[in-house]
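What follows is calculated from the coordinates using simple rules that are stated; it is not laboratory data. Just so we're clear, the structure is a prediction, and the values are computed from it rather than from any experiment. Here the Cβ positions follow ideal geometry from the backbone for every residue, glycine too, while neighbour counts run over all protein chains shown.
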């Protein structure tokens, strides 16, 4: 039996597309963690296919993972030039600009992506997150609301929408959103953490501590499921689960909403702090 890569290259050769073998090799190299070599193959593919946005986008993704963000941005820009209608090239550019602190530029890229793909949940949530970072609370709330409208049981959308409602002073609406999240995903810690934030906004520390305890019970199992889906196993998985659990606890302890009870022994004991 011929190796998969050989078969792929033979298939590409039959199509007459001289760039395809380089694209295929780049994909295999990425899958094996050889990103420097993959970038070389994607560059070759791009040079041989001046109308291929995919090779340029893959190059951008690979350069981003290598930390070469200026080069990644140039690759995404080149991909957009080749295919102005591709939303994913704008999303890639937004990721770089966000990392570089250019929030207006990143938001503009995501808006361009959404002009082409209005139902792209990732772009909507990302733009909402950037709006929140920029202090544009109303814009963030609008994006999260649209995301929930498009996918009413999407966990990240419901969670961010609930937090945005809280930030906007809409406490009953936030409470209803987190209740909805818990009903949709009862084993997820986010819904209970959101519920704790609601109780804190109402000044109900005892109930907030109980909700935090429920969230804490679910963090490790949730992290294990997510990390397992990414391929982690054995001791590596155990170590990452432990680290993720510690980060979640530390984040909760530094949340300003719970600051008034941070030194209360009863609150700390109930919350599992």
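Counting other C-beta atoms within 10 Å, which of 86, 152 has the fewest, and how do the rest follow?
Working: 86 20, 152 11.
Lowest to highest Cβ neighbour count: 152, 86.
What's the FRET efficiency of residue 268 with residue 99 using the Cβ-Cβ distance as r and R₀ = 45 Å, to the nearest 0.05?
Details: r = 36 Å, r/R0 = 0.80.
The pair residue 268/residue 99 has a calculated efficiency of 0.80.
Cα atoms only, region 140-223: Rg and Dmax in Å?
Rg then Dmax for region 140-223, in Å: 12.1, 35.
So for region 61-126, what percent of the C-alpha to C-alpha distances run longer than 19 Å? Write out the running numbers ahead of the final one.
Working: 523 of 2145 pairs.
I get 24 percent for the Cα pairs in region 61-126 exceeding 19 Å.
Fewest Cβ neighbours within 10 Å first, please rank 192, 207 accordingly.
On the way: 192 23, 207 16.
With the fewest neighbours first, 192, 207 line up as 207, 192.
What Kirkwood Rh does region 210-273 have if only Cα atoms enter the pairwise 1/r average? Answer in Å. Could you put the intermediate results ahead of the total?
Values: mean 1/r = 0.0790 Å⁻¹.
Here the Kirkwood hydrodynamic radius works out to 12.7 Å.
Give me the one-decimal nm value for the distance between modelled label points at residue 83 and residue 149, 7 Å along each residue's Cα-to-Cβ direction.
Here the modelled spin labels are 2.8 nm apart.
Just the ratio, please: alpha-carbon radius of gyration of region 133-273 over 2.2 N^0.38 Å, N its number of residues. List each step's numbers first, then the result.
Numbers: Rg = 15.6 Å, N = 141, 2.2 N^0.38 = 14.4 Å.
Rounded to two decimals, the normalised Rg is 1.08.
Rounding to the nearest 10 and keeping the result within 0 to 90°, find how far the Cα-based axis of helix 4-15 lies from the longest principal axis of the chain.
In the chain, helix 4-15 runs at an angle near 60 degrees to the longest axis.
Taking the chain as the reference, fit the longest principal axis to its C-alpha atoms, fit the long axis of helix 137-150 to the helix C-alpha atoms, and give the angle between the two in degrees, 0 to 90, nearest 10.
Once rounded, the angle reads 70 degrees.
Using only the alpha carbons, work out the radius of gyration and Dmax of region 196-244 in angstrom.
According to the Cα coordinates of region 196-244, Rg and Dmax are 14.6, 43 Å.
Which three extents, in whole angstrom, do the alpha-carbon atoms of region 22-74 cover along their principal axes, largest first?
Result for region 22-74: principal-axis Cα extents of 26, 24, 13 Å.
Note the per residue figure in Å³ for the convex hull of the C-alpha positions in region 67-167.
87 Å³
Pick out which of 72, 220, 246 has the largest mean-square fluctuation in a Gaussian network model of the chain, springs linking Cα atoms closer than 10 Å.
In this elastic network of the chain, the residue with the biggest mean-square fluctuation among 72, 220, 246 is 246.
Convex hull over the alpha-carbon atoms of the chain: what's its volume per residue in Å³? Write down the numbers at each step before the final one.
Details: hull volume 42.7 nm³, N = 273.
Normalising the Cα hull of the chain by residue number yields 156 Å³.
For labels at residue 259 and residue 137 in the simple 7 Å Cα→Cβ model, what's the distance in nm?
The modelled label-to-label distance comes out at 1.5 nm.
Rounding to the nearest 10 and keeping the result within 0 to 90°, find how far the Cα-based axis of helix 20-31 lies from the longest principal axis of the chain.
Its long axis makes an angle of about 40 degrees.
If I build a Gaussian network model for the chain, linking alpha-carbon pairs within less than 10 angstrom, which residue out of 20, 239, 38 has the largest mean-square fluctuation?
239
Using C-alpha positions alone, give me the convex hull volume of region 172-215 per residue in cubic angstrom.
Values: hull volume 2.0 nm³, N = 44.
Cα-based convex hull of region 172-215, divided per residue, equals 46 Å³.
Taking 0.36 nm per residue of sequence separation and subtracting the Cα-Cα distance, how much length would be gained by fully extending the chain between residue 48 and residue 70, in nm to one decimal? Provide the component values of the computation, followed by the final result.
Values: separation 22, 0.36 × 22 = 7.92 nm, distance 2.26 nm.
Length gained between residue 48 and residue 70: 5.7 nm.
What translational D, rounded to a whole number of µm²/s, comes out for region 115-168 from Stokes-Einstein when the hydrodynamic radius is the Kirkwood one over Cα pairs, at 25 °C and 0.890 mPa s? Write out the running numbers ahead of the final one.
Details: Rh = 10.6 Å.
The calculation lands on 231 µm²/s.
Take the Cα of residue 116, step 7 Å along the line toward its Cβ, and report every residue of region 14-54 whose backbone nitrogen sits under 15 Å from that point.
Backbone N within reach: 51-54.
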